[in-house]
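The structure appears below as structure tokens.
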Amino acid sequence: MAQLYLIALLLIAVIAANIIKPFIPRVPEALVLIVVGGLFTFIPVFRDFALDPEFFLFLIIAPLMFQEGQGISFATMKKHFNAIFQLSVILALFVVAVVALITDKIQSAWPLTLAIALAAIVVPTDAVAVKSMTTGLKMPKGLNQSLELESLFNDATGIVLLDLALSVYKQGSFNLVEGVSHFLIVALGGLIIGALASGLIVALRLYLSFHASSAQATTIPLNILTPFVIYLLAEHFGVSGILAVVAAGIVHNYEQSRLQLIATESRVVSATIWQTLTTLLNGVVFVILGLSLPKILKLIGDFGFEKSLGLFGLAFLIYLAMYGARFFWVSAQKQDRLTGFFGQHQTKDRLQRAQIFGVAGVHGAVTLALAMSLPTTVHGKPLPFLNEILLVATLVILISLIVAALILPRLLEEEEQVFSEEELNQTRSDMIDSAIVKTEQRIHDHDTKAAIAQALQTQKLTIGHQKSHDEQASLTLLSKVSDELQAYLDDLISQGYDQDTVERYIRFLQRGLLSPANSRHPLARINQRLHHWKHEFSWHLKTRTFTKGQRLRYQQELMARNPKVAAQVAQWKDGRQAMLALNEDVQKEADRLLTKALESELEAHQDTENIAEVRQLLERFFRIVAHDYRKSNVSVPTADYIQAFADEYSYLSAQLAAGKVKSAVANELYTEINQAQTLLLMEQGEGENE
């Protein structure tokens, strides 16, 4: 149970960091998560926090690497294979060599194998952390992809090198042929097992998509379990589980590109789940780093000031060495295949990209996992310098994050906004209003029109914040519509409509619409409701009728005893039918007037929120006149909803063709329409099944 509480609190910490982040936009999300993790150490369950490294690699790193692999297509792999090998193997080995030599020179008491182990721990980079730091900044074209490709595969290089270094330390000797063979077997074996196992799982998912009784209930869980199954399978055979899940992700990407529109609903749901899951797991990694801070502070206290200062100096030198190695490697590259990533050789652009590439070598999740995975004992004896390695690795992570947070905003220009939030909101509002106008013109049934208009209106909530609404504008429009409805009713009298019925309706109109402020006041509504309940309760006590059957019998007996009452009821029913017929006519006229007002405000690009509010007030008034106090659910044909969304598409396409809407705005809104349509049609399908 304690583990469940622990996981729940970790997720709460990520949520808390995301709540805090908007208030400090200039601070990178990774640093916010670390600070929140540090604050959570005051919670008793997180005191002396320790996480099993195998559990960490299996539960957090494996799904993260699988998702990153799904973001890389097979075509990209084939095109940039040379670059991937250069970045993830050659550069990684170069950095490990430089860091190991520096560590060996400074910490001469350390065995060389442990210096190599430390270098292997700090070589993996974290492209996700870099992304969080470069939000709103313009990363040079191609450079961001090079960071992603490097991060995707150098994790495995670090893991294999660490495993090799620890093996040599345990054996006490090193054989070059055995070392290279071990590296190739672990790396290639992981890739092969991951690709083969993933291919079988893809075939199984495809079969289940067509033959399972509930495809979503089988294929989606199978997709979520894939990285965990493949990681365990690879580790069982003694090869790299991380490379296996990366290969599995790439195979799944290939499957998606081949299947395209097959099982779309399952794929949309899976993509949403994975996006949410990876966001949470990335956050959990940095929260765990924050939770480790008290342990780091304790180590510093145990080592003393002088030794801790020396280790901090080593961590800083290692970071500088890695920056220098990355900068030199990019600057010296002459291969034409890498110019797309780093620009032309011996140019100012190449030097700038080399600087950015060096600073963007941020370390995070995998470095933390590898540091935590070090064995505490070897051959029954404590692993020497374990705490020193842990402290240096953690300091390297923190230094890389802090330096990147400070330097990257100075190296990169701010990203130009393609469109403003106001521009997007205005286009969205105009698009929705245009679709509502076409719906009003195309459909004659009032309830269907109102239901579709209400559904489309909710798309405006996508804006994320409510507009400051001008109530006076709504009251002005309401008064105008009321006056026009009264003029319409006067015309009906001149056309021969029953004068008594029309005059009674006009009185309702004057009380219900011409003075709306009082009737909408909360205290007035409560007072009216209490008065109604008091009257109902007194009548039921007086007549001793509490059920529907009792009321019907009472009414029948009353009319049988009193012919005068029976005549009044018959007359009232005739008048009631006339009032309902008149109410429907006025309702249609109100729809016409609101559509006209909407068209006018749409042409003038004015705020149309007042029309939505007036529409709601009118709907309430018409229900009161009809004594229909409970709003019933209207069954709208699916075809009408699809046509309404098609009207939105048509509006955007026409505006885009006329050059009145930017393509980026149109693409954003196209996506919103697709999502809204998918959600609404899914709800329609569930409603039909009930």
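Going by what's in this entry, would LYS467 be described as at pLDDT below 85, over 37 Å from the mean Cα position of the chain (by Cα), charged (D, E, K, R) and open to solvent by 20 Å² or more (accessible area, probe 1.4 Å)?
Numbers: at pLDDT below 85: yes; over 37 Å from the mean Cα position of the chain (by Cα): no; charged (D, E, K, R): yes; open to solvent by 20 Å² or more (accessible area, probe 1.4 Å): yes.
Against the criterion (at pLDDT below 85, over 37 Å from the mean Cα position of the chain (by Cα), charged (D, E, K, R) and open to solvent by 20 Å² or more (accessible area, probe 1.4 Å)), LYS467 does not qualify.
Do you know which residues across the stretch 1-16 are farther than 15 Å from LEU277 by Cβ and either modelled with pLDDT of 85 or more or basic (Lys, Arg) (or both)? Spell out the reasoning first.
Taking the stretch 1-16 and keeping what is farther than 15 Å from LEU277 by Cβ, we get 1-6, 8-9, 12-13, 16.
Matches in the stretch 1-16: ILE12, ALA13, ALA16.
Filtered by the rule that a residue be part of a helix (DSSP H, G or I) and either free of Cβ contacts under 8 Å to residues at least 12 places away in the same chain or open to solvent by 90 Å² or more (accessible area, probe 1.4 Å) (or both), the stretch 9-24 gives ILE12, ILE15, ILE19, LYS21, PRO22, PHE23.
Of the listed requirements (1) in a helix (DSSP H, G or I); (2) among the charged types (D, E, K, R); (3) under 31 Å from the mean Cα position of the chain (by Cα), LYS105 misses just one: (3).
Set side by side, the residues LYS573, LYS596, LYS631, LYS662 differ, and just one is out of contact with any Leu (no Cβ under 6 Å at 6 or more places or on another chain), over 21 Å from PHE419 (Cβ atoms) and modelled with pLDDT of 80 or more, which is LYS596.
Of the residues making up the stretch 427-462, those that are of a type in the set (S, T, N, Q) and open to solvent by 60 Å² or more (accessible area, probe 1.4 Å) number 4.
Restricting attention to the stretch 122-178, the residues being closer than 30 Å to GLU388 by Cα, within 35 Å of the chain's Cα centre (by Cα), outside any helix (DSSP H, G or I) and not charged (D, E, K, R) number 3.
VAL122 meets the conditions (1) without any contact (Cβ under 8 Å) to a residue 40 or more places away in the chain; (2) surrounded by 24 or more Cβ atoms within 10 Å (Cβ to Cβ) in every case but one. The failed one is (1). Scanning the stretch 367-380 for residues that are surrounded by fewer than 17 Cβ atoms within 10 Å (Cβ to Cβ) and either hydroxyl-bearing (Ser, Thr, Tyr) or closer than 25 Å to ARG410 by Cβ (or both) yields a total of 2.
Here's the yes/no breakdown for (1) polar (S, T, N, Q); (2) modelled with pLDDT of 85 or more; (3) open to solvent by less than 40 Å² (accessible area, probe 1.4 Å):
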site: THR135; (1), (2), (3): yes, no, no
site: ALA156; (1), (2), (3): no, no, yes
site: VAL177; (1), (2), (3): no, no, no
site: GLY194; (1), (2), (3): no, yes, yes
site: SER198; (1), (2), (3): yes, yes, yes
site: ILE201; (1), (2), (3): no, yes, yes
site: TYR207; (1), (2), (3): no, no, no
site: HIS211; (1), (2), (3): no, no, no
site: PRO227; (1), (2), (3): no, yes, yes
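ILE318 meets the stated requirement of being of a type in the set (Val, Ile, Thr), farther than 30 Å from ALA16 by Cβ and either in contact (Cβ under 8 Å) with a residue 60 or more places away in the chain or crowded, with 16+ Cβ neighbours inside 10 Å (or both).
When THR367, THR339, THR394 are screened for being under 27 Å from the mean Cα position of the chain (by Cα) and part of a helix (DSSP H, G or I), only THR367 passes. Taken over the stretch 275-297, the criterion of being open to solvent by 20 Å² or more (accessible area, probe 1.4 Å) and small (Gly, Ala, Ser) is satisfied by SER292 alone. Of all residues in the stretch 85-101, those that are small (Gly, Ala, Ser) have Cβ atoms under 7 Å from Cβ atoms of residues that are surrounded by 22 or more Cβ atoms within 10 Å (Cβ to Cβ) and not in a helix (DSSP H, G or I), 6 or more apart or on another chain, in ALA92/VAL123.
Please pick out the residue among GLY358, GLY364, GLY313, GLY343 that is more than 21 Å from ALA129 (Cα to Cα) and open to solvent by less than 20 Å² (accessible area, probe 1.4 Å). Before you say what the answer is, go through the steps one by one.
On the way: GLY358 fails: more than 21 Å from ALA129 (Cα to Cα); GLY364 fails: more than 21 Å from ALA129 (Cα to Cα); GLY313 fails: open to solvent by less than 20 Å² (accessible area, probe 1.4 Å).
After applying the criteria, what remains is GLY343.
Residues of the stretch 381-414 being under 25 Å from ILE296 (Cα atoms) and open to solvent by 70 Å² or more (accessible area, probe 1.4 Å), which ones? Listed by number, the residues that qualify are LYS381, PRO382, ILE402, LEU406.
Please state which one of ALA100, ALA92, ALA62, ALA30 is crowded, with 21+ Cβ neighbours inside 10 Å, over 24 Å from PHE385 (Cβ atoms) and modelled with pLDDT of 85 or more.
Numbers: ALA100 fails: over 24 Å from PHE385 (Cβ atoms); ALA92 fails: over 24 Å from PHE385 (Cβ atoms); ALA30 fails: modelled with pLDDT of 85 or more.
Only one candidate passes the filter, namely ALA62.
The set of residues in the stretch 640-655 being open to solvent by less than 30 Å² (accessible area, probe 1.4 Å) and closer than 15 Å to THR671 by Cβ consists of PHE645, GLU648, LEU652.
Against the list (1) surrounded by 15 or more Cβ atoms within 10 Å (Cβ to Cβ); (2) modelled with pLDDT under 85, the condition GLU422 fails is (1). Restricting attention to the stretch 599-614, the residues that are farther than 20 Å from LEU475 by Cβ, part of a helix (DSSP H, G or I) and modelled with pLDDT under 80 add up to 2.
The values are calculated or read from the model by the stated rules, or taken from the named source; none is laboratory data. Bear in mind that the values here come from a model prediction, so they are computed numbers and not experimental data. For neighbour counting, all protein chains shown are included, and Cβ atoms are generated from backbone atoms with ideal geometry for every residue, glycine included. The area values use the complete protein model at the heavy-atom level, side chains included, leaving out ligands, DNA and RNA. Shrake-Rupley method; radii C 1.70, N 1.55, O 1.52, S 1.80 Å.
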